[in-house]
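Okay, so here's the structure we're looking at.
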Amino acid sequence: MNSPLNQRPRRTDRPPNERTADRRSTEGAGADRLDMALLHRTLDDSLDVLRDTYVPANGTGGGWYHELARTEPGATATALGLLAFTTAGRPFAHFDASLAFLAHRQVDSVDPLRDGGWATKTSLGLPVVEATAWIARFLAVARCDLRPDAPDLRRAYRWLLLNQNPDGGWGSLRGAPSRTWLTCLALRALARLNPYDPSVGRGVEWLTADRTALRPAWGPTPDAAPTVAHTAFALVTLAEARPRQENERLPAAYDWLAAHLDPSDDHTWIETYDVMPHGPSAAPIWRMALWHSGLPLAVTALVHDPRGAPGPLLGRAVRTLLAADAGGPSWSGYPADGRTSLWTLWWRLDAMIELARMPLARPRDVCTGCRTPRSSSGRTPATVRCPRCCRAARARTRSGSSGGTGRRCCSARSWPAGSPASAPARGAGASSGSA
């Protein structure tokens, strides 16, 4: 039996049972609301877990391993940890040391199919998409490519291009069969590095070529049964790689995702596959295992639905994410159940960061707080209010008083237009803050 993690002190002043109770106490009261204060508090708690599980490497910086109980960092997990702090806009004291660790792990080879990439602990020293795409994406997001102590991002970019398969997709490396998840990883990295490269277009075509209204969703491979995790990741990837491109096949994929998502199911599962670097007819050399968590990925995908987010469904899914104990992945559990995996923490973090960074307004929104001004055409635009102000406005209407008080909305920035808290659910009419 595996030993549980050492109980090191947490970075918060509140006991862990109080932290969990704070989050769960809101489930019964106001269950139709998205509490942005709770979201940010949960986000900070999750980042504290990363701070407390950072480990130094012998003379080469430091970082994380995907199994947080381990004390030997790995390149992919280190990039994920740094990416979390970077996208959340939070400082991290060991950023430079972690960057040095990634630079030390970058492969230096005369073989152009190997040079510039990163290997995993199970890939026998061969650089693979599973590591290189995540690290390249982090370096592009962090904008540290000009730092002399950073990894060489140009070589990483070239590695991704050279290891694209002739069919337009990506496997673990060139020659390995193309897979949905790995193609999405490579496309998300390239979308940050150079979205205009023709390889991005070929990758998008590989993802979408055989999708139809009758077969709109994605599985691990083009012929596999669809899953929530793969469909959500493909939609997130397409929204980033082609943000302004209309595709008539995507609405059916969003509908499939909404229909098959269980907003109360936050389990993780493992996708395993053999890697055959010398082609599909060759014998496999090693076996890869990827942690997947469908719920947070679906949340991230659904907020990008061009027709508007399905508010009630999204609200229930977000409540499930926020009800989970942020400290769980690092302080208790055993490796076999995923509780101590960085991936369990990462996908929740990524979804929370996406929600926290939602714009205050979207192109067709009118944000007026508790005012109701008239537009230049003389028509009264829709007013975006938080639930408290909506209830107050309805009460004033019933009593015969004016609804336009002229004061600022009590939580204007907590209820961004277009969010699950304020966006109208499709087919449900105007929203008054229901998520």
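A few remarks follow.
- Sole exception among (1) modelled with pLDDT under 95; (2) out of contact with any strand residue (DSSP E or B) (no Cβ under 9 Å at 6 or more places or on another chain); (3) surrounded by fewer than 16 Cβ atoms within 10 Å (Cβ to Cβ) for T122, by number: (2)
- Checked against (1) among the small types (G, A, S); (2) outside any helix (DSSP H, G or I); (3) buried (at least 24 other Cβ atoms within 10 Å of the Cβ), A79 passes all but a single condition, namely (2).
- Taken together, T227, T221 contain a single residue that is under 18 Å from the mean Cα position of the chain (by Cα), at pLDDT 95 or above and either of a type in the set (V, I, T) or in the same structural domain as L321 (by TED's automatic domain parsing) (or both), which is T227.
- Top-ranked residue in segment 212-251 [being closer than 24 Å to E271 by Cα and of a type in the set (V, I, T); ranked as surrounded by the most Cβ atoms within 10 Å (Cβ to Cβ)]: T231
- Condition met for A150 (assigned by TED's automatic domain parsing to the domain that holds Q245 and farther than 24 Å from V236 by Cα): yes
- Test result for L161, under 27 Å from Q245 (Cβ atoms) and either part of a loop (DSSP other than H, G, I, E, B) or touching a residue at least 12 places away in the same chain (Cβ under 8 Å) (or both): yes
- If you check A336, A326 for being modelled with pLDDT under 90 and in a loop (DSSP other than H, G, I, E, B), only one passes: A326.
- Yes/no for S178 being in a loop (DSSP other than H, G, I, E, B) and in contact (Cβ under 8 Å) with a residue 12 or more places away in the chain: yes
- Filtered residue count, segment 30-75, keeping only those that are in contact with a strand residue (DSSP E or B) (Cβ under 9 Å, 6 or more places away or on another chain) and in a helix (DSSP H, G or I): 3
- Test result for A142, within 26 Å of R357 (Cβ to Cβ) and surrounded by fewer than 23 Cβ atoms within 10 Å (Cβ to Cβ): yes
- Filter result for P263 (surrounded by 13 or more Cβ atoms within 10 Å (Cβ to Cβ), touching a helix residue (DSSP H, G or I) at 6+ places or on another chain (Cβ under 8 Å) and modelled with pLDDT of 90 or more): yes
- Any pair with Cβ under 8 angstrom, 6 or more apart, that starts in segment 53-75 at a residue that is of a type in the set (S, T, N, Q) and ends at one that is surrounded by fewer than 20 Cβ atoms within 10 Å (Cβ to Cβ): T60/H104; T71/V55
- Among the residues of segment 104-140, those that are closer than 21 Å to Y65 by Cα and of a type in the set (K, R) comprise R105, K121, R137.
- The helices (runs of 4 or more DSSP H) falling completely within segment 190-260 that include 1 or more residues that are among the polar types (S, T, N, Q) and in contact with a helix residue (DSSP H, G or I) (Cβ under 6 Å, 6 or more places away or on another chain) map to 198-208, 228-241.
The values are calculated or read from the model by the stated rules, or taken from the named source; none is laboratory data. All figures in this text were calculated on a predicted structure; none of them were measured in a lab. Because the Cβ atoms are built from the backbone with ideal geometry, glycine has one as well, and the counts that use them run over all protein chains shown.
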